[in-house]
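The values are calculated or read from the model by the stated rules, or taken from the named source; none is laboratory data. Note that the structure is predicted; figures quoted are calculated from it, not measured. Cβ coordinates were reconstructed from backbone atoms using ideal geometry, including for glycine residues, and neighbour counts include every protein chain displayed. In case anyone asks, the SASA skips ligands and DNA or RNA and just uses the protein heavy atoms, side chains included. Shrake-Rupley method; radii C 1.70, N 1.55, O 1.52, S 1.80 Å.
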Amino acid sequence: MEAEIEFLDLSPEEKILLLNVLGFSVDKEEYIYDVLLKERHICPYTKKEILFQNASILPGSTLVINTSALTISEYITDKLEKKY
Amino acid sequence: MADLTPDPIETIIKLGLRELLSYINLKKLSGEVLEYAKKRLRELWYKKQYGFTPSKDEATILRQISQTDLYLRLKFCLGQHWSLPLIKVGIYVSNLNKEGQDKLVQHIKDYIFQKYGIRGIRIMELGSTGIIESIIELISDLKIRKNYTREDLVREFENILFEWKEITLFVKNEHTIDDVIITIKRKMEMKKHLFFVFAFGNASKIAMSGIAKANTEGLFSQEGYLFSNKYWINKRGSEIYSWTFESVELF
């Protein structure tokens, strides 16, 4: 049976709090900042920096990604689908 | 008098992730209690499959597509194929109206091309016309009918993408019945073991007449081809007719 997933509706303050808990912050220019590496976080799919308003963390992960239909789809393929 | 204020730690333990986020913000927690609440948030995050995204509806639909029979059938045929993320987006695109399709494809086109090349763009085209579902059905049908291995199916699928321009005929209103017959004949002479004819709306009458005439004249049996056809209405509201021609060697 596949894991139950839930997409949360969060306010910007709640998103920032959650990001903070997972080791990220938002810098002055509104980009996602990796607190541990002390640099802007790079999306593993687009290989680009991520604006806060375009950030997603999808179920089963602690990585932040740039949001588009394709990156979400890539993520689902990588993390949520069974590997036959 | 007893202190009836609830212990924040006890409250934190009882809350779910969503409620805990609200609680932290509302109560303006600080110090050790805040650190405990954060630790608890992390635990809850790791425990359940939560996520947040500015495209919640899109993410939900893509997740649903990944669980449909159509998609799972293709995945079963192809395994962990590079195209799977694009296929999901292609199916998603096929369910949008024209305005939605144009906007989405425009938004991700550069990224698709940069990462997947022309084959990626082609899958989007298959998606926006709704033809992608026919291709998936064909691939899963080949597995059953021919007992193809995964390698065979991957090769067939990639051939379809690679040769797409050469193995398709999109019949248009300005075409004549003879144009249809000549083009189909040419594809058979080129020994394409698989090719498709598509027609939208009124052009379907021209395609249908051409294929019927060629069939009556025995062109397909003479060249060793069988065909099947399908009709559906895509989300743009266009009627689509498709004919799949296969060399008898493929049967």
Residue hits (the stretch B:13-30; among the charged types (D, E, K, R) and touching a residue at least 12 places away in the same chain (Cβ under 8 Å)) are B:LYS27
Residue list for the stretch A:44-84, filter: in contact with a Cys (Cβ under 9 Å, 6 or more places away or on another chain) and aromatic (Phe, Trp, Tyr): none
Given the criteria over 30 Å from B:ILE144 (Cα atoms) and in contact with a Pro (Cβ under 6 Å, 6 or more places away or on another chain), does B:GLN49 qualify? yes
Among B:LYS27, B:LYS47, which is the only one that is more than 9 Å from chain A (Cβ to nearest Cβ), closer than 25 Å to A:THR67 by Cβ and either modelled with pLDDT under 90 or open to solvent by less than 40 Å² (accessible area, probe 1.4 Å) (or both)? B:LYS47
Quick check on the stretch A:11-32. Is at least one of its residues within 20 Å of B:ASP110 (Cβ to Cβ), within 11 Å of another protein chain (Cβ to nearest Cβ) and part of a loop (DSSP other than H, G, I, E, B)? no
For residues in the stretch B:150-172 being free of Cβ contacts under 8 Å to residues at least 24 places away in the same chain and open to solvent by 70 Å² or more (accessible area, probe 1.4 Å), which is farthest from B:PHE245 (Cα to Cα)? B:GLU151
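Going residue by residue through the stretch B:5-17, is there one that turns out to be within 21 Å of A:VAL64 (Cα to Cα) and over 31 Å from the mean Cα position of the chain (by Cα)? Don't jump to the end; show me each part of the working.
Step one: filter the stretch B:5-17 for residues within 21 Å of A:VAL64 (Cα to Cα), giving B:17.
Still in the running and over 31 Å from the mean Cα position of the chain (by Cα): B:17.
Yes: one or more hits.
Say we look at the stretch B:137-169 and pick out the residues that are of a type in the set (S, T, N, Q) and not in a loop (DSSP other than H, G, I, E, B); which of these is farthest from B:GLN80 (Cα to Cα)? Working first, answer last.
Restricting attention to the stretch B:137-169, the residues satisfying the condition of being of a type in the set (S, T, N, Q) are B:140, B:147, B:149, B:159, B:168.
Restricting the remaining residues to those that are not in a loop (DSSP other than H, G, I, E, B) gives B:140, B:159, B:168.
Details: B:SER140: 15, B:ASN159: 17, B:THR168: 27 Å.
Selected residue: B:THR168.
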Test: residue in the stretch B:236-250 that is in contact with a strand residue (DSSP E or B) (Cβ under 6 Å, 6 or more places away or on another chain) and open to solvent by 90 Å² or more (accessible area, probe 1.4 Å): no
Suppose we filter the stretch B:50-85 for residues that are surrounded by 18 or more Cβ atoms within 10 Å (Cβ to Cβ) and at the interface with another protein chain (Cβ under 7 Å from one of its Cβ atoms); how many remain? 12
When B:LEU62 is evaluated against the numbered criteria (1) within 20 Å of A:GLU81 (Cα to Cα); (2) without any contact (Cβ under 8 Å) to a residue 24 or more places away in the chain, which criterion, by number, is the only one it fails? (2)
Total residues in the stretch A:51-79, condition more than 7 Å from every other protein chain (Cβ to nearest Cβ) and assigned to a helix (DSSP H, G or I): 5
Output for the stretch A:53-84, where each listed residue is more than 24 Å from B:LYS75 (Cβ to Cβ) and open to solvent by less than 30 Å² (accessible area, probe 1.4 Å): A:ALA55, A:ILE57, A:VAL64, A:ASN66
Please give the number of the condition B:ASP57 fails out of (1) over 24 Å from A:GLY60 (Cα atoms); (2) at pLDDT 85 or above; (3) assigned to a helix (DSSP H, G or I). (1)
So in the stretch A:1-48, with the set limited to residues that are basic (Lys, Arg) and without any contact (Cβ under 8 Å) to a residue 12 or more places away in the chain, which one is surrounded by the most Cβ atoms within 10 Å (Cβ to Cβ)? A:LYS47
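Those residues that are open to solvent by less than 10 Å² (accessible area, probe 1.4 Å) and of a type in the set (Ser, Thr, Tyr), I need them from the stretch B:203-235; list them, please.
Filtering the stretch B:203-235 down to residues open to solvent by less than 10 Å² (accessible area, probe 1.4 Å) leaves B:203-204, B:207, B:210-211, B:214, B:220.
If the condition is that a residue be open to solvent by less than 10 Å² (accessible area, probe 1.4 Å) and of a type in the set (Ser, Thr, Tyr), then B:SER204 is the only one that fits.
Which of the residues that make up the stretch B:86-100 are farther than 18 Å from B:ARG150 by Cα and either under 9 Å from the mean Cα position of the chain (by Cα) or surrounded by 20 or more Cβ atoms within 10 Å (Cβ to Cβ) (or both)? Steps first, answer last, please.
Of the stretch B:86-100, the ones farther than 18 Å from B:ARG150 by Cα are B:86, B:88-100.
Matches in the stretch B:86-100: B:LEU86, B:LYS88, B:VAL89, B:GLY90, B:ILE91, B:TYR92, B:VAL93, B:SER94.
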What are the residues in the stretch B:210-251 that are part of a helix (DSSP H, G or I) and more than 22 Å from B:GLU156 (Cβ to Cβ), if any? B:GLY210, B:ILE211, B:ALA212, B:LYS213, B:ALA214, B:ASN215, B:THR216, B:LEU219, B:SER221, B:GLN222
In the stretch B:101-127, how many residues are small (Gly, Ala, Ser), exposed (fewer than 14 other Cβ atoms within 10 Å of the Cβ) and within 11 Å of another protein chain (Cβ to nearest Cβ)? 0
